[in-house]
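Asker: One structure coming up, written as structure tokens, with questions to follow.
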Amino acid sequence: MSAKPDPATRVPLVGADRSEQVLGADVSSVLTPTAPVHLSDTVTERLRRTIVEGHFSPGDRLREEQLAEALDVSRGPIREALRDLEREGLVVRRRNRGAIVASLSRADFEEVYSLRLAIEPLVCAWAAENASEQDWLELESVIAGYSELATTATTPHEAADADLRFHDVVYRAAGHRRVQRLWQDLRPQVYIFLLARKYVGTREFRDIMIANHGSILSALKARDAEAARRTAMQHVEASYRRVIADYDDLNPG
């Protein structure tokens, strides 16, 4: 009769046997509770919106204890939210001053738009190949909504939201997860720079969105990746020229 194997040299079990071995052990050391939806995500969104809508000015201190009291949360979610906003470029943290609202400079603008120029043609080319008919319908609905922008008392924030809503759908339709995450980091800064355009919310702004976004949508529906890439590049370059002219006027020196 053969000797029993030494437990120290026993080969780990696999499949069902392995499951039984794990469940026979201390379960608490193997399984952990499912993570709940992070409260910091909600806090981040509320702080982000407050900053981009101008309720905080560049240089304003964001005191954790005051924010926690205002939002009725502990300081932990506030701290996580500030880290997220720092990554997005909306907040900077400095020694002895804590977190402050970032001042977006001309250099920041150049970096943001250089990234847009690199990724937007790519994402539009992907969207031309991967977008569904439902995506097309959603984009058509966004563009159709532009007709109301100059016929009502449209605020610059509402116009900027309408502009970026189109790009949100295109990025999602592209199916490129990593580029979509990059867009989520860039989007708040693009929003702020859009608000530097003096004609945001005017009929001229509406007509430009209808024409440019309509051209991109036509390329997507034709499944023409090269046309989508080219149209997107022209759109970002034209946007860059318009924004930089207004930004320099509003931020001299």
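Asker: For segment 99-124, enumerate the residues that are over 19 Å from the mean Cα position of the chain (by Cα) and surrounded by 14 or more Cβ atoms within 10 Å (Cβ to Cβ).
Answerer: Correct list: A99, I100.
Asker: Ok, one more. Among the listed residues A232, A174, which satisfies the condition of being crowded, with 22+ Cβ neighbours inside 10 Å, at pLDDT 90 or above and either under 28 Å from S105 (Cβ atoms) or in contact with a His (Cβ under 6 Å, 6 or more places away or on another chain) (or both)?
Answerer: Working: A174 fails: either under 28 Å from S105 (Cβ atoms) or in contact with a His (Cβ under 6 Å, 6 or more places away or on another chain) (or both).
Testing whether each residue is crowded, with 22+ Cβ neighbours inside 10 Å, at pLDDT 90 or above and either under 28 Å from S105 (Cβ atoms) or in contact with a His (Cβ under 6 Å, 6 or more places away or on another chain) (or both) leaves just A232.
Asker: Which residues, taken from segment 51-69, are out of contact with any Phe, Trp or Tyr (no Cβ under 6 Å at 6 or more places or on another chain) and within 25 Å of P156 (Cβ to Cβ)?
Answerer: I51, E53, G54, H55, F56, S57, P58, G59, D60, L62
Asker: If I filter segment 141-155 for residues that are in a helix (DSSP H, G or I), assigned by TED's automatic domain parsing to the domain that holds A238, surrounded by fewer than 15 Cβ atoms within 10 Å (Cβ to Cβ) and modelled with pLDDT of 95 or more, do I get at least one hit?
Answerer: Looking only at segment 141-155, we keep the residues that are in a helix (DSSP H, G or I), and these are 141-148.
Checking the rest, the ones that are also assigned by TED's automatic domain parsing to the domain that holds A238 come to 141-148.
Restricting the remaining residues to those that are surrounded by fewer than 15 Cβ atoms within 10 Å (Cβ to Cβ) gives 141, 144-145, 147-148.
Keeping just the survivors that are modelled with pLDDT of 95 or more gives 141.
Looking for residues that are in a helix (DSSP H, G or I), assigned by TED's automatic domain parsing to the domain that holds A238, surrounded by fewer than 15 Cβ atoms within 10 Å (Cβ to Cβ) and modelled with pLDDT of 95 or more, one finds at least one in segment 141-155, hence yes.
Asker: Could you please give the count of residues in segment 206-218 that are in contact with a Ser or Thr (Cβ under 8 Å, 6 or more places away or on another chain) and either buried (at least 22 other Cβ atoms within 10 Å of the Cβ) or farther than 23 Å from E138 by Cα (or both)?
Answerer: Residues flagged as in contact with a Ser or Thr (Cβ under 8 Å, 6 or more places away or on another chain) and either buried (at least 22 other Cβ atoms within 10 Å of the Cβ) or farther than 23 Å from E138 by Cα (or both) within segment 206-218 amount to 2.
Asker: Report yes if some residue within segment 197-205 is closer than 23 Å to A125 by Cα, without any contact (Cβ under 8 Å) to a residue 12 or more places away in the chain and either acidic (D, E) or out of contact with any Ser or Thr (no Cβ under 8 Å at 6 or more places or on another chain) (or both); otherwise report no.
Answerer: No, because not a single residue in segment 197-205 is closer than 23 Å to A125 by Cα, without any contact (Cβ under 8 Å) to a residue 12 or more places away in the chain and either acidic (D, E) or out of contact with any Ser or Thr (no Cβ under 8 Å at 6 or more places or on another chain) (or both).
Asker: Let me ask something else. Which condition number does E86 fail, the rest of (1) part of a helix (DSSP H, G or I); (2) in contact with an Asp or Glu (Cβ under 7 Å, 6 or more places away or on another chain); (3) charged (D, E, K, R) being met?
Answerer: E86 satisfies all of (1) part of a helix (DSSP H, G or I); (2) in contact with an Asp or Glu (Cβ under 7 Å, 6 or more places away or on another chain); (3) charged (D, E, K, R) except (2).
The values are calculated or read from the model by the stated rules, or taken from the named source; none is laboratory data. These numbers were taken from a predicted model, which means no experiment stands behind them. Backbone-built Cβ (ideal geometry, glycine too); neighbour counts: all protein chains shown.
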